[in-house]
Amino acid sequence: MNVKKFWIPVVFIILAIFPPFFLSQYWLHVMIISLFYVMMASSWNLIAGFTGQVSFAHAAFSGIGAYVSGMLAVYLGLSPWLGILVGMGVAALLGLGLGYLCIRMGGIYLSLTTLGFSEILRIIITNEDRWTRGTMGLQVPGFFTEYSKASYYYLFLIIAILLLIVIYWIIHSEMGLTFRAVLNDELAASSSGINTIQVRILAFTISSAMAGLAGGLYGHYLMLITPDIPSLGQMFLVLAMAVIGGMGSFVGPILGSFLLEILSEYIRIYGEYHVLIFGLVALSVARFAPEGVIGILGKKWESVWAR
Amino acid sequence: MGTIVEGKGLSKSFGGLTAVKKIDFYLEEGEIVGLIGPNGAGKTTLFNLVSGIFHPDEGKLFLNGRDITELRPFEICRLGIGRTFQIVRPFLKMSCLENVMVGIIGRNDRNRGRAEIGREAEDLLKFVGLDGFEGTIAGNLTLIQKKRLEMARALATEPRAILLDEVLAGLNPSEILQALALIETIRSKLKMTIFWIEHVMGAIMKASDRIIVLDQGEKIKEGKPEEIVSDPRVIGAYLGETDA
C-alpha cells in the first residue's frame with residue numbers, strides 16, 4: 001500500500017472526529033443516519049457490485065437485525081450490545097439459508113426471490129403485532145444510559161469504520177478476487193477451479209450479516225423499530241445510494257450515502273417522493289454512467305485509492 | 001505413459017438435436033491430440049462434457065481411472081483438466097495479473113500468501129509472453145493477447161491435461177506460429193497432455209500425435225495425421241459428400 005493510499009483514509013477519519021463539536025443536534029442526527037446508510041450501501045455493494053447479485057433483501061436483513069436485537073432486549077432484557085451481535089448472527093443464518101435456496105437460480109430470479117422474501121418479512125412483522133407491535137413500532141432501549149447524539153455518532157463512526165475495513169480487506173483479498181471473477185464471467189471462473197456457488201453464497205451471507213449489524217445499531221439508536229426498516233422503500237434508497245455513488249468501487253457507496261441522505265433532508269418537504277426521484281436518478285446513472293459519481297469524478301482519482 | 005482422460009460412450013442431446021453420439025476417446029499422458037470436424041460436429045460439446053459444463057446423457061468420463069462424469073467444472077478443474085474457450089472468456093474487467101491469480105486460487109491449495117500468488121502469476125504471464133501487461137485490464141488486450149492470457153489462466157490451475165478450443169482462430173500467420181511455439185513449449189516443458197480443437201488444418205496436422213475426427217456428433221475416424229488426410233470419409237465429411 002503506498003503512502004497516499006494510507007493517508008487519505010486517515011485524514012478522513014481524523015476529520016470525522018470533529019463534527020459533534022460544531023454540528024447542531026439535527027445535523028448530527030443526519031450524520032448518524034448517513035453512517036447507517038454507509039454500512040448498508042457498502043455491504044450491499046459487496047454482493048451487488050462485486051459478485052453481480054442484485055439482492056432486494058438487504059433492508060429485510062437489516063430489519064431482522066433490528067427486530068431480533070430489539071425483541072431480545074424488550075422481552076428477555078438482553079443488553080443491546082449483545083443483542084446486535086445475536087441479530088447479526090440471525091441475519092447471517094437467514095442469509096445463508098436464503099442464499100442456499102435461491103442463488104443457484106441467479107440473475108433476475110435471485111432478485112425476484114429476495115424481493116418476495118423482503119415483502120413476506122415485512123408483512124409478518126406488520127401482522128404479528130403481539131410480538132412486534134406492528135406498525136405502532138416496538139420501543140426498545142438504547143445503548144447508553146445517558147442519551148447523547150455525540151456518543152451515538154462515535155459508536156456509528158467506529159462500527160462503520162470497522163465494517164469498511166473488513167469490506168476493504170475482503171475486496172483486496174483472494175476472496176475478493178474470486179468475487180470479481182464470478183461477476184466478470186461465471187462460467188470461466190468455474191472452469192478455472194472457482195466454486196462459484198460457494199463464492200456467491202459466501203458473499204450473500206457476509207453481506208446479510210453486515211446488514212443485520214447495521215439494522216441492530218439503527219434500531220437501538222432510533223429506540224423505535226417499525227416495519228419501515230425492512231421496507232422496500234428503504235431498500236431502494238440503499239440501492240440508489242450504491243448505484244449513484246458508484247457500484248463496484250469501495251468509495252462509491254460511502255459517497256452516495258452521504259450525498260443522498262443529506263440531499264433527502266432538503267427535499268423531505270415533498271414527502272416520500274424523494275425515493276421516487278432517487279430511483280429515477282439511479283436508473284439514469286445505471287444507464288449513462290454505470291460507474292456512478294465516483295466514475296464521473298475521474299479515473300485518475302479512482303486509480304489512486306478507490307479500488 | 002498411461003491413459004489420463006477417458007470417455008466411454010458419451011452422448012449429449014439438446015432437445016431433439018443429438019450433439020454428441022456415443023463417443024469413445026482417450027488421451028495418453030503427454031500426448032497432443034487434435035479434434036477436428038466440420039462446424040456443428042460436436043467438438044465444443046465434447047469439450048464441455050469433459051470440462052463438466054454439461055453432463056452427458058449417457059456414458060462415463062474418467063480422469064486417471066476416477067469417475068468424473070457428474071462432477072462440476074471447478075471440481076474437474078481442480079482434479080487436473082484445464083481449458084480455454086472458443087470465444088475467449090478472460091475476466092474482462094480485471095487486470096491480467098488478477099486473471100491469472102484467479103486460476104492459482106482455483107487450485108485450492110492453501111498456505112500461500114497473496115504476494116507469492118502474485119509472483120507466480122507474473123511468471124506465468126512471462127511464460128505466455130505477456131510480461132509487462134500485469135496491470136493492463138484484460139478487456140483492453142488484442143485477441144491474441146486475450147488468448148495468451150486465457151492460456152496462462154488455464155495453466156495457473158496446474159492441469160495435467162489442457163483443452164484448447166480453437167486457440168489459432170482469428171490469428172494471422174505469424175501469430176499462429178507464436179501460438180504453436182507456445183503449445184509445443186507447454187508440452188515439452190510442462191509435460192502436459194493437450195487436447196485441442198482446430199480449424200487451421202496445416203497446424204493441427206503438423207503438431208498433433210493423433211487426430212480424432214467428428215462429424216454430426218459421431219467419431220468417424222481416429223488415427224495419425226497422415227492417415228487422416230487421406231481418409232475418404234474425412235474428406236467426404238469436409239466436402240459434404242458423405243452420401244455419395
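Only the coordinates and a few stated rules stand behind these numbers; no lab work does. This structure is a prediction, so every number in the text was calculated from the model and none was measured. Cβ placement follows ideal geometry from the backbone for every residue including glycine, while neighbour counts extend to all protein chains displayed.
Odds and ends about this structure:
- Residues in the stretch B:211-223 carry Karplus couplings, in order, of 10, 10, 10, 10, 8, 6, x, 10, 7, 9, 6, 8, x Hz; the curve used is 6.51 cos²θ - 1.76 cosθ + 1.60 with θ = phi - 60°, and Gly or Pro positions show x.
- For peptides A:5-11, A:215-221, sequence by mean Cβ density within 10 Å, most packed first: A:215-221, A:5-11
- With loop membership from DSSP and a limit of 12 other Cβ atoms within 10 Å, the longest segment of chain B without GluC sites (Glu not before Pro) is B:71-240.
- B:G37 long-range amide H proximity, modeled H, under 5 Å: B:L214
- Here chain A is scanned for GluC sites (Glu not before Pro) in DSSP loops (not H, G, I, E, B) that have at most 12 other Cβ atoms within 10 Å, and the longest stretch holding none of them is A:1-127.
- Of the residues B:S95, A:S284, the one with the fewest other Cβ atoms within 10 Å heads the list, and the complete ranking is A:S284, B:S95.
- Averaged over peptide A:224-231, the number of partner chain Cβ atoms lying within 10 Å of each residue's Cβ comes to 0.
- A protection proxy built from the mean count of other Cβ atoms within 10 Å ranks the segments A:234-246, A:193-205, most packed first, as A:234-246, A:193-205.
- Pairwise Cα separations in the protein assembly as shown fall into 10 Å bins from 0 onward with the following percentages, short to long: 4, 16, 23, 20, 15, 11, 7, 3, 1, 0.
- Normalised by 2.2 N^0.38 Å, where N counts its residues, the alpha-carbon radius of gyration of chain A equals 0.96.
- Relative pair counts by distance (%), Cα atoms of the stretch A:34-137, 5 Å bins: 3, 12, 19, 23, 20, 13, 7, 3, 0
- Shown here for the stretch B:163-226: trypsin sites (Lys or Arg not before Pro) in loop regions (DSSP other than H, G, I, E, B) with at most 15 other Cβ atoms within 10 Å, namely B:K191.
- With both labels modelled 7 Å from their Cα along Cα-to-Cβ, the A:A150 to A:A286 distance reads 4.3 nm.
- Cα gyration tensor, chain B - rounded (a/c under 1.5), prolate or oblate: prolate
- Seen from every direction in turn and averaged, the convex hull around the alpha carbons of the stretch B:81-158 projects onto 4.7 nm².
- Loop-located trypsin sites (Lys or Arg not before Pro) in the stretch A:70-174 (DSSP state other than H, G, I, E, B) with a sparse environment of at most 13 neighbouring Cβ atoms within 10 Å: A:R104.
- Largest-first ellipsoid semi-axes for the stretch B:130-244, taking √(5λ) over the Cα gyration tensor eigenvalues, angstrom: 31, 16, 12
- For the stretch B:126-138, the Karplus equation 6.51 cos²θ - 1.76 cosθ + 1.60, evaluated at θ = phi - 60°, returns couplings of 5, 4, 8, x, 10, 5, x, 10, 3, x, 6, 6, 4 Hz by residue, with Gly and Pro reported as x.
- Between the amide H of B:E31 and those of B:I194, distances stay under 5 Å, these residues lying 5 or more places away or on another chain, with hydrogens modeled in the peptide plane.
- In straight-distance terms, cross-link reach from A:K5 covers every one of the lysines whose alpha-carbon lies under 27 Å from its own, apart from those fewer than eight places away in the same chain; here that gives A:K299, A:K300, B:K93.
- Karplus-based coupling profile of the stretch B:60-72, in residue order and whole Hz: 10, 10, 10, 10, 6, x, 8, 6, 10, 3, 9, 6, 8, with θ = phi - 60° in 6.51 cos²θ - 1.76 cosθ + 1.60 and x standing for Gly or Pro.
- Each Lys and Arg Cβ is given +1 and each Asp and Glu Cβ -1; about its Cα centre, the stretch B:81-158 then shows a dipole of about 280 debye.
- Options B:L124, B:P56, B:T193, ranked by Cα towards positive dipole end of chain B, top entry (Cβ charges): B:L124
- Exceedance of the 25 Å cut-off in Cα-Cα distance is limited, within the set B:K21/B:K224; B:K147/B:K219; B:K43/B:K221; B:K8/B:K43, to B:K147/B:K219.
- Cβ crowding within 10 Å, taken as a proxy for footprinting-reagent exposure, orders B:M94, B:M192 from fewest neighbours to most as B:M94, B:M192.
- Annotation: lysines with alpha-carbon distance below 21 angstrom to A:K149 (same-chain offsets under eight excluded): none found.
- Shielding of B:86-94 by partner chains, average beta-carbon count, 10 Å: 4
- Per-residue mean of C-beta atoms belonging to partner chains within 10 Å, peptide B:49-59: 1
- Ranked for footprinting exposure by Cβ neighbours inside 10 Å, fewest first, B:K43, B:K126 give B:K126, B:K43.
- FRET efficiency, A:V30 to A:W7 (Cβ-Cβ, R0 22 Å, nearest 0.05): 0.20
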